[in-house]
1. So Lys122 fits all but one of (1) within 25 Å of Arg19 (Cα to Cα); (2) out of contact with any Phe, Trp or Tyr (no Cβ under 7 Å at 6 or more places or on another chain); what number is the exception?
2. Considering only residues that are small (Gly, Ala, Ser) and either over 29 Å from Asn254 (Cβ atoms) or in contact with an Asp or Glu (Cβ under 7 Å, 6 or more places away or on another chain) (or both), which ones fall in the stretch 111-132?
3. I'd like to verify a number: residues in the stretch 6-46 that are closer than 14 Å to Arg301 by Cα, assigned to a loop (DSSP other than H, G, I, E, B) and open to solvent by less than 50 Å² (accessible area, probe 1.4 Å), how many?
4. Counting only residues that are touching a Gly at 6+ places or on another chain (Cβ under 6 Å) and of a type in the set (Gly, Ala, Ser), how many does the stretch 258-297 have?
5. I'd like to know if the stretch 237-246 contains one or more residues that are among the charged types (D, E, K, R) and in a helix (DSSP H, G or I).
6. Take Asn155 and decide whether it is more than 22 Å from Asp111 (Cα to Cα), open to solvent by 30 Å² or more (accessible area, probe 1.4 Å) and either basic (Lys, Arg) or at pLDDT below 95 (or both).
7. Every residue in the stretch 298-316 that is buried (at least 19 other Cβ atoms within 10 Å of the Cβ), in a loop (DSSP other than H, G, I, E, B) and either in contact with a Gly (Cβ under 6 Å, 6 or more places away or on another chain) or at positive phi (or both), please.
8. Can you tell me how many residues in the stretch 143-179 are in contact with a strand residue (DSSP E or B) (Cβ under 6 Å, 6 or more places away or on another chain) and either assigned to a helix (DSSP H, G or I) or of a type in the set (Phe, Trp, Tyr) (or both)?
Amino acid sequence: MAVLGIDIGGTKIASALFRENGDTLSRQNDYLEGRQGAEVGEQVRGQINNLRKHPGLKEDKLLSIGISVPGISYRSEGTVWAPNIPGWENYPLRDEVQSFIGDIPVNIDSDRACCMLGELWKGSARGCKNAIFLAVGTGIGAGILVNGKILRGNNDIAGSVGWMALNRPFDKKYTGCGCFEYHASGEGIAKVCRAYLSEQENYRGSLAKKKINEISAHDVMAAYKVGDSLAGKIIGESVEYWGMAVANLVSLFNPEKIIFGGGLFGPAKALLPDIRKEAEKWAQPISMKQVRLDSSALEGRAGVYGAAYLALKSPG
């Protein structure tokens, strides 16, 4: 038997065929390149069609398909909301794929849930019953595992931790993305850097050589690693926000592990000891002593592994 995992992101689609033991038969990656709405749906169907032709499927029957989406999956309706894909406000992804694939079951979940499932299956959460995957990329979300099951909430929106209130007073700039995400996501770090650069006329560090509107979080991380003072200030603030978030999650959920993943971890995983020190100031102390902070073992592929695991464990 084989399953197909598809991880739809804001900029690319990654998919892979897996055997039931987790061995990979084939992979495919494609960039969205500005596609919207039904064009992205067509791209998903194209990847499915390509992978179904893999010679390994002559021996292994395709059991089911799992799909990870960058937003909310409304499982009862089969629709998805993906804010970074125009035209996917209430997109009927399940019905569209199902009509193309026939009677092969299709299961869809959020990227944060799938990343948690991927780490549970083949990554840093193996053997855990209570764990959290904190995805820090363009935005911030959390896949939350409680007693061996994904926490979904009343309408499948649980884990939207980018909206955690970690500062006061409220600022209108938090309206579109949330306080935590504004300050400590990839896009947030870039925004904070641009704001500082616009205020500091005397700064002459490496970030001053960049066009202000093109600065990314990876530029800030690179400058931090070579001792840039402004980058040090910005990353120091991010560590404070990541630490406060960890403290809140530890105090609320008492997890065995919090696993950092996404595009910044990666480059920021060396900061985990500093994040822990910050969290220890704020968290429930007994729970904090019991938790381990770790980085993803799947290095950007947690979503596609999790989508495959979703297909494997929910075949119909």
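1. (2)
2. Passing the criteria: Ser124, Ala125, Ala131.
3. 2
4. Going residue by residue through the stretch 258-297, those that are touching a Gly at 6+ places or on another chain (Cβ under 6 Å) are 262-264, 275, 278-279, 296-297.
Subsequent filtering for residues that are of a type in the set (Gly, Ala, Ser) retains 262-263, 279, 296-297.
Summing the residues that are touching a Gly at 6+ places or on another chain (Cβ under 6 Å) and of a type in the set (Gly, Ala, Ser) in the stretch 258-297 gives 5.
5. yes
6. no
7. Looking only at the stretch 298-316, we keep the residues that are buried (at least 19 other Cβ atoms within 10 Å of the Cβ), and these are 298, 301-312.
Next, only the ones that are in a loop (DSSP other than H, G, I, E, B) stay: 298, 301.
If the condition is that a residue be buried (at least 19 other Cβ atoms within 10 Å of the Cβ), in a loop (DSSP other than H, G, I, E, B) and either in contact with a Gly (Cβ under 6 Å, 6 or more places away or on another chain) or at positive phi (or both), then Leu298 is the only one that fits.
8. Looking only at that region, the number is 2.
The values are calculated or read from the model by the stated rules, or taken from the named source; none is laboratory data. Remember, it's a predicted structure, so these values are computed and weren't measured experimentally. In this analysis, Cβ positions are derived from the backbone assuming ideal geometry, glycine residues included, and neighbour counts consider all displayed protein chains. Accessible surface areas use protein heavy atoms only, side chains included; no ligands, DNA or RNA. Shrake-Rupley method; radii C 1.70, N 1.55, O 1.52, S 1.80 Å.
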